[in-house]
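Structure first, commentary second.
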Amino acid sequence: MVVYTPPSYGLPGRRYPVAYLQDDGDVMMDTFNYLEHLFLSQQLPELILVGVCPQDRSHEYTPWPAPSLRPGAPGFSGGGADYVKELALTLKPAIDGRYATLPEAEHTAVIGGSLGGLIALYAGYLYPEVFSRQGLLSASFWYEGILEYMDSHTLQGHDRRLYMYVGELEGCYKSNVQKEMVPNTRKAHALLQQQGFGEQRLRFETHPDGTHDTLFFSMHFPQALKWLFGHGGGAASGTADGITSGVRNQ
C-alpha cells in the first residue's frame, strides 16, 4: 500500500478528502508531478491518495465468477464482495484513524482502471454510505453480467458523482467478449443516465486514439479527480496528526 499526503499536510486545522486507488496507485505514481502542480496551483483541492495493491487481481476485482477470456486459462473467481468489504470496513477506518481525513462518503472516492474500474463501480453499489465518488477508467464493462446488474440495481446517494472514460480503440482488435468494451461502456453510461444521473453528477469522456493502456488511464486520472472533487471539495476544519507530505510505502 502507498499513501500520498498533499503539500499542506500537517498544518493545524486541515483535513482532506481521500481517493482509494486500485492496482497499487499506479495512475498516481505516473502523474505524481502533475498532481503536485494541480494542488500547489489550487486547480484541484488537496487530497490524500491511497494506492491499494491486490493480492489476486482476477479474484479481488471481479464481482462474481465468469468464464476465462482464453481457452484453457483459469476463469474469474469473483471475490470482489470480500475485497470491497475489506476496503470499506477495515482499510478505510484504519486510514481515517491514522491520517487527517474527511471521512464522510461525499469526501471519499474509489478509482480504478480496467478490472480495477469494475470493482470501483461495484464498491459504490455495495457500500454507498462509504464511497460516493467513483472513477471508472476504462472499466471492464465487457464483464459477464455487469450491464444486467446495473439495470436491476440503482446507485444510491443524492450527492454521488461518477467519472467514466473509455478509449475509442479499446477492444477493436479483440475477437473475444472484450471487443464489446466501447459499446458496453456506452450502454453503461446510458443506463446511469436513465437512472437519473445527469451531467451535474456524471461525466463521460473518450479519446479517439485511446487503447486499453495505462498511458491513457494515467492521462485521464487527473481529469477524474477534477470532476469528482473539483466542485466544492477540499480541506475543512479539524485536527491533523503532523505527518509531513509525501509518498509513503506502508
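Just one of (1) closer than 18 Å to TYR20 by Cα; (2) touching a residue at least 60 places away in the same chain (Cβ under 8 Å); (3) not aliphatic (A, V, I, L, M) fails for TYR143. It is (1).
Look through region 88-113, keep the residues that are part of a strand (DSSP E or B) and not aliphatic (A, V, I, L, M), and return whichever of them is farthest from VAL177 (Cα to Cα). My answer is THR101. For residues that are crowded, with 16+ Cβ neighbours inside 10 Å and aromatic (Phe, Trp, Tyr), scanning just region 4-39, find the one that is farthest from ILE111 (Cα to Cα). Ranking the qualifying residues of region 4-39, first place goes to TYR9. Within region 171-187, does at least one residue satisfy the condition of being under 26 Å from LEU49 (Cβ atoms) and of a type outside the set (Asp, Glu)? Yes: one or more hits.
What residue, of TYR163, TYR143, TYR122, TYR127, is within 18 Å of the chain's Cα centre (by Cα), at pLDDT 95 or above, within 24 Å of THR31 (Cβ to Cβ) and not acidic (Asp, Glu)? Don't jump to the end; show me each part of the working.
Details: TYR143 fails: within 24 Å of THR31 (Cβ to Cβ); TYR122 fails: within 24 Å of THR31 (Cβ to Cβ); TYR127 fails: within 24 Å of THR31 (Cβ to Cβ).
TYR163 is the lone residue from the list that is within 18 Å of the chain's Cα centre (by Cα), at pLDDT 95 or above, within 24 Å of THR31 (Cβ to Cβ) and not acidic (Asp, Glu).
Annotation note: Cβ proximity below 8 Å between a residue of region 214-230 that is among the polar types (S, T, N, Q) and a residue that is crowded, with 21+ Cβ neighbours inside 10 Å and in a helix (DSSP H, G or I) (sequence gap 6+ or interchain) occurs for THR214/VAL27; SER218/VAL27.
Just one of the listed residues (GLN156, GLN193) is out of contact with any helix residue (DSSP H, G or I) (no Cβ under 9 Å at 6 or more places or on another chain) and surrounded by fewer than 20 Cβ atoms within 10 Å (Cβ to Cβ), namely GLN193. Among residues that are aromatic (Phe, Trp, Tyr), farther than 30 Å from GLU148 by Cβ and either touching a strand residue (DSSP E or B) at 6+ places or on another chain (Cβ under 7 Å) or outside any loop (DSSP other than H, G, I, E, B) (or both), PHE131 is not included.
Residue by residue, here is whether (1) among the basic types (Lys, Arg); (2) modelled with pLDDT under 95; (3) in contact with a Leu (Cβ under 6 Å, 6 or more places away or on another chain); (4) within 16 Å of ASP209 (Cα to Cα) holds:
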{"site": "ASP159", "(1), (2), (3), (4)": "no, yes, no, no"}
{"site": "GLU170", "(1), (2), (3), (4)": "no, no, no, yes"}
{"site": "GLU180", "(1), (2), (3), (4)": "no, no, no, no"}
{"site": "LEU191", "(1), (2), (3), (4)": "no, no, no, no"}
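Filtering region 45-87 to residues that are among the hydrophobic types (A, V, I, L, M, F, W, C), crowded, with 20+ Cβ neighbours inside 10 Å and not in a strand (DSSP E or B) leaves LEU47, VAL52, VAL84, LEU87.
Yes/no per residue for (1) buried (at least 19 other Cβ atoms within 10 Å of the Cβ); (2) modelled with pLDDT of 50 or more; (3) under 21 Å from LEU40 (Cβ atoms):
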position	(1), (2), (3)
GLN200	no, yes, no
PHE204	yes, yes, no
HIS207	no, yes, no
HIS212	yes, yes, no
PHE217	yes, yes, no
GLY232	no, no, yes
ALA235	yes, no, yes
ILE243	no, no, yes
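Taking the conditions exactly as written (of a type outside the set (A, V, I, L, M, F, W, C) and in contact with a helix residue (DSSP H, G or I) (Cβ under 7 Å, 6 or more places away or on another chain)), does ASP30 satisfy them or not? Yes. For beta carbons closer than 6 Å, sequence separation of 6+ or different chains, a first residue in region 146-173 that is within 19 Å of THR62 (Cβ to Cβ) and a second that is of a type in the set (Asp, Glu), there are no qualifying pairs.
The values are calculated or read from the model by the stated rules, or taken from the named source; none is laboratory data. Keep in mind that what you see is a predicted model, and the values were worked out from it rather than measured. Positions of Cβ are backbone-derived with ideal geometry, glycine not excepted, and every protein chain shown enters the neighbour counts.
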